[in-house]
Amino acid sequence: MYAVINYYWRTLVTIACFAGFALSGVVFSVLAFPMLCLVTGERRHAQAKRLIHHVFSLIVRVLRATGCMRLQTEGVDKLRSAGAVLVLANHPTYLDVVVLLSLLPTASCVVKSKHWDNPVFGGILRAAGYIRNSDAEQLVDDCAHALERGAPLIVFPQGTRSNPDAPMKFLRGAAHIALKSGKPIVPVLLQCEPLFLTKGAPWYLAPPQPFQFRVVVRDALRADALADTQQAPVIAARRLTSALEGYFSEELSVL
C-alpha cells in the first residue's frame, strides 16, 4: 500500500512541477519580461539568466525534498569556475537542461528554434540571450560570439533527447563550434536511473521508484588533441564528432 501511495504522490509532484514550470513562464512573459526590456544589453541577459537559474533550482529542490529525485554530482565546482568553456552533455531526459542551468547560473545554451515562437517561453529565451538553433552557419557564429563573452555555453550534441536503446550519435554542430571558438570542451555525463522523461515517454508519469540523476563533469578536452584541426573544417569537424561520440560512449559505459 505504501508503495502505491508513494508512486501516486511522486506522480502528483511531477505534474505540479511541470505546471509550476509553465506558470513561471507565463508570469515571466507577462510581468518580468516587460521590465527586463527596460534594461539593455548584457545586463538584461544576466538578470534573465539569474531568474531562470532560481526557477530551475526551485524545481530541483522540490523534486529532491519530496523524495522524487536524488541528485548526485561530481566535479561541478571545477565547471563553475571554468569561465568560457563549451559544455557538451549527453541528453537522456527532459530534465537535463533544468538540472544544468540550476547548477550554472551564468551559462548560455542552444535552444530549438520552435521554442522561440512559444508564447510562454519565447520571451524568456530572448531576454536571456540564449542561442536559437536555426541556420547552421549562423548558429556556429552565434555560439562562438557567446563564448567570447566569457561564460559557459551548454550544447547537447545529440540535438534531441536520446533513444536509450540507440548508439551514441552526435550532430556535427558542436564540433564546428569547438573548432571555430578554440575554447576548451568540458564533457558532462548525465545519467538517470530508472529512466524518466525520456524521448517518447509520458511526462506526467513518475517512474516506479525515485530516480537518481547523476551529473559527472570530466576534465576539459582540447579539440586539437582529438582531431587534426589543420585539416579542412568539414573533415576536422567530422573526425572531432567521431572522437567525441567515442569518448562519451566509453565514459558513460563505466559510470
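The values are calculated or read from the model by the stated rules, or taken from the named source; none is laboratory data. Please read these numbers as outputs of a predicted model, since none were measured by experiment. Neighbour counts are summed over all protein chains in view; Cβ atoms, including those assigned to glycine, are modelled from backbone coordinates with ideal geometry.
Observations, loosely collected:
- Residue tally, condition basic (Lys, Arg) and touching a helix residue (DSSP H, G or I) at 6+ places or on another chain (Cβ under 9 Å), over the stretch 177-221: 3
- Restricting the stretch 215-232 to residues that are touching a residue at least 12 places away in the same chain (Cβ under 8 Å) and either part of a helix (DSSP H, G or I) or of a type in the set (A, V, I, L, M, F, W, C) (or both), the residue that is nearest to VAL99 (Cα to Cα): VAL215
- Enumeration of residues in the stretch 55-88 that are of a type outside the set (Val, Ile, Thr) and free of Cβ contacts under 8 Å to residues at least 40 places away in the same chain: LEU58, ARG61, ARG64, ALA65, ASP77, ARG80, SER81
- From PHE213, PHE196, residue being in contact with a strand residue (DSSP E or B) (Cβ under 7 Å, 6 or more places away or on another chain) and modelled with pLDDT under 85: PHE196
- Comparison of LEU171, LEU190 shows that the only residue that is farther than 25 Å from THR73 by Cβ and of a type outside the set (S, T, N, Q) is LEU171.
- Selection within the stretch 238-255 - out of contact with any helix residue (DSSP H, G or I) (no Cβ under 7 Å at 6 or more places or on another chain), more than 15 Å from PRO167 (Cβ to Cβ) and in a helix (DSSP H, G or I): ARG238, ARG239
- Those residues of the stretch 223-242 which are of a type in the set (Val, Ile, Thr), surrounded by 14 or more Cβ atoms within 10 Å (Cβ to Cβ) and closer than 13 Å to LYS180 by Cα, in sequence order: THR229
- Residues within the stretch 208-220 that are out of contact with any Lys or Arg (no Cβ under 8 Å at 6 or more places or on another chain) and surrounded by 20 or more Cβ atoms within 10 Å (Cβ to Cβ), tallied: 1
- For beta carbons closer than 7 Å, sequence separation of 6+ or different chains, a first residue in the stretch 181-196 that is in contact (Cβ under 8 Å) with a residue 40 or more places away in the chain and farther than 13 Å from LEU95 by Cα and a second that is surrounded by fewer than 22 Cβ atoms within 10 Å (Cβ to Cβ) and of a type in the set (Gly, Ala, Ser), the qualifying pairs are SER181/ALA144; LYS183/ALA84; PRO184/ALA220; ILE185/ALA220; VAL186/ALA82; VAL186/ALA220.
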